[in-house]
Amino acid sequence: MSGSPLSGQIPYRFDPTSTAAAVESDFGGLADGEESGAVVTVAGRLMLRRDQGKVAFGNLQDSTGRVQLFALQRSTPDFEDFTGLHLGDWIGVTGEVLKTRRGELSIRVDSWVRLAEARRGFPDKWHGITDVDTRFRQRYVDLWVTDESRAAFVARSQILSTTRRWLEERKFLEVETPVFHPISGGAMARPFTTHHNALDLELYLRIAPELYLKRLTVGGFERVFEIARVFRNEGLSTRHNPEFTMLELYQAYADYTDIMELVEQLVSHLAMEVCGTTTLEYEDQELDLSAPWRRATLLELLAEHGGLSVDLDTPREELVRLCEERDIPVKDHYGPGKLILELYEKTTEPKLWGPVFVTDYPKEVSPLSRDHRDRPGWVERFEGIVAGRELCNAFTELVDPDEQRARFEAQEAAKADGDAEAMGVDEDYLRALEYGLPPTGGLGIGMDRLVMLLTGATTIRDVILFPTLRPEQ
RNA sequence: GGGUCGCUAGCUCAUCGGGUAGAGCAGGGGACUUUUAAUCCCAAGGUGCCGGGUUCGAGCCCCGGGCGACCCA
């Protein structure tokens, strides 16, 4: 590292021996003014500098944190070039670790090299970026300037890897299924469409991996999961991004009560790993994620929070009247199940904080769930509501091919009635069921919302590195 | 889709009863041997989101559009 670092070539490689965090943990105990005798090499961005004539201080930031640099004219090579560095420049520094008289742990700059030039100025060193739109568009700047932003993405990575490990320990196999679907299915959502030229084929981007994963259960993979990027052609909001990440898993021989246990254990485990506790604060409200979570049926909750005692045998005119009183738009093809779900979503769901498993949904609105073992007209399905948001959706899977065909046909009819979110008939999936799907429990968790929960983020854009935005200009 | 607010220097923000824009930081020059958003001095930096209108004169008032934030449906 000789010559003039500013005019010299940028090196092709560099070998740091330590990091800001390691320096702090290894040498934090030095006394004020004490020199450690130990030499380290670190690399990162120069984020602050305080020139002081014949000495200069700088703050170097790397992926682990910040450490102060201490340069002296008499011992730092190319001292004038060092004080000419721009804020944001990447540099590599080698020197002895010491603590200044004022007690700041520092690396004395005994040699240094510039690793990259920041031609564009960094945002105000005190205020950072305040325009959230700029934060999303220039995430590469945001990650340096906004500590919470970097922390959220580190947490996201930790949540995904911990989830994988936890599932693998329970003998789940991670698989990858197609993103291109010839038939859109597995959820109720409007898909994106695309076209394959060689096959001259219209394809849909998946809205859920569900139907492929259950084919694998038919194929003998008894426990499978996929962390799937899915695509839904819907609006943007603080809780919605057109592409997002869903964990889906299927467990043979299990029913939805097994899945409830799995969810409460997985989520409380993740909270312990990421937050160190299962008692969180979210939006100034307390949230206790420790298992077990409350379980209550949709109808019980509708009575409790909505003050409505209705059921599938309530006369349709009565349900329609209750909807209209609450400004819920009613369509002609809505049956009692759909009307009850609408009433629940309008009157009850907003009042739930959770965690709570809302169990047993109307068959009419659940085309892939198995009939409830005791309650005709209902299915064995639940949603997990946590911090007032729908976190997951799960059911005892429908295994009967004839019943599945009837449900698909009802969906097809709804689609013909103008329901753009309805599914189509998937003949190959029916064929798979005809080969035999064992009793199976399935689950989908919105991983972005889970990350929001565990990082305290209030908008999904804070947990997606490059959220969908309108193009600039 | 509706409402409210915002858009001024690279970044963060000012200004005014309509009279042609100002500061901090960054960037440039200089001073300073232990700073912590270091400090001090000097110089430079602007198509005030875009397009119309009113006016002798518009960043400011009016109309239309764009982009964003928040709230509501």
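Read the figures in this text as sums done on the coordinates, not as results from a lab. Since the structure is predicted, the reported quantities are computational estimates derived from the model, not experimental observations. Heads up, the Cβs are rebuilt from the backbone with ideal geometry, glycines too, and the neighbour counts pull from every protein chain shown.
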Can you tell me the length gained on complete extension of the stretch residue A:458 to residue A:80, counting 0.36 nm per residue apart and subtracting the Cα distance? 131.5 nm
Estimated distance in nm for a label pair at residue A:54 and residue A:269, the labels positioned 7 Å out from Cα along Cα-to-Cβ: 6.2 nm
Hey, how many Å between the Cα centroid of the range A:305-364 and the Cα centroid of the range A:24-38? 65 Å
The range A:444-473 residues near the modelled residue A:133 label - backbone nitrogen below 18 Å, point 7 Å along Cα→Cβ: A:460-462, A:466-473
List residues of the range A:281-305, by number, whose backbone nitrogen lies under 20 Å from a label position 7 Å along Cα→C-beta of residue A:374. A:293-304
Spatial separation of Cα centroids for the range A:100-130 and the range A:248-273, in angstrom: 45 Å
Say R0 is 60 Å: what FRET efficiency, to the nearest 0.05, do residue A:150 and residue A:413 get from their beta-carbon distance? 0.75
Chain A: DSSP helices with Cα axial extent of at least 15 Å and average Kyte-Doolittle hydropathy no lower than 1.6: none
Residue separation times 0.36 nm, minus the C-alpha to C-alpha distance between residue A:221 and residue A:104: what's the value? 36.4 nm
In nm, to one decimal, how far is the modelled label at residue A:180 from the one at residue A:258, with both set 7 Å along Cα→Cβ? 3.5 nm
Dimensionless Rg/Rh of chain A, both radii on Cα and Rh by Kirkwood, sits at 1.09
Pop a pseudo-label 7 angstrom from the Cα along the beta-carbon direction at both residue A:236 and residue A:194 and give the gap in nm to one decimal. 2.0 nm
Cross-link table A:125/A:351; A:99/A:125; A:346/A:415, entries beyond 32 Å C-alpha to C-alpha: A:125/A:351
What is the distance in Å between the Cα centroid of the range A:372-427 and that of the range A:213-236? 15 Å
Rel. contact order, % - alpha carbon contacts under 8 angstrom, at least six apart, chain A: 13 percent
Pop the C-beta distance of residue A:279 and residue A:165 into the FRET formula with R0 = 30 Å and round what comes out to the nearest 0.05. 0.80
Calculated P(r) tail over 16 Å for the range A:20-116, as whole % of Cα pairs: 49 percent
